[in-house]
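Encoded as structure tokens, the structure appears first; notes follow it.
Derivation of every value follows stated rules applied to the coordinates shown; laboratory data play no part. As the structure is a prediction and not an experimental result, all values here were calculated from the model. Neighbour counts are summed over all protein chains in view; Cβ atoms, including those assigned to glycine, are modelled from backbone coordinates with ideal geometry.
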Amino acid sequence: MTTLDTTMLAIPRADRIISPGSLTGIAVVTALIGSQLITVTAAFLYSLVVLFHIPDGAATVLGVAFGALVLWGLAIIARLAYEAETDPANN
């Protein structure tokens with residue numbers, strides 16, 4: 001079962017409340033936490049490269065690997081934000 005599988009949602013899709021406010025909330029939460037995730041990842045990558053004197057080619061490979069992990073994290077954040085913002089109990 002993948003992390004983005006809609007069958008994992010506790011509430012059926014038809015019962016969720018989707019409004020412009022909830023969509024804005026999803027975007028804002030994803031942008032806020034995502035920007036923090038990107039900043040921490042970039043700082044960590046920079047510290048690894050500088051501390052261990054990693055060459056440019058290897059640093060690029062590490063950057064791509066960390067970038068893929070950040071995108072995966074952003075997808076998880078967006079899914080969790082969707083679940084929280086469209087939950088009928090929160091409205």
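Which of [x] 28, 13, 10; [y] 35, 14, 8; [z] 23, 13, 11 is the computed semi-axes √(5λ) of the Cα gyration tensor in Å for the structure on display?
The value computed from this structure is option [y].
Tilt of helix 20-52 relative to the longest C-alpha principal axis of the chain, in degrees (0 to 90, nearest 10)?
Once rounded, the angle reads 20 degrees.
In degrees from 0 to 90, rounded to the nearest 10, what is the angle of the helix 56-85 Cα long axis to the longest principal axis of the chain?
10
Give, rounded to the nearest 20 debye, the magnitude of the charge dipole that the chain has about its Cα centre when Lys and Arg contribute +1 at Cβ and Asp and Glu contribute -1 at Cβ.
40
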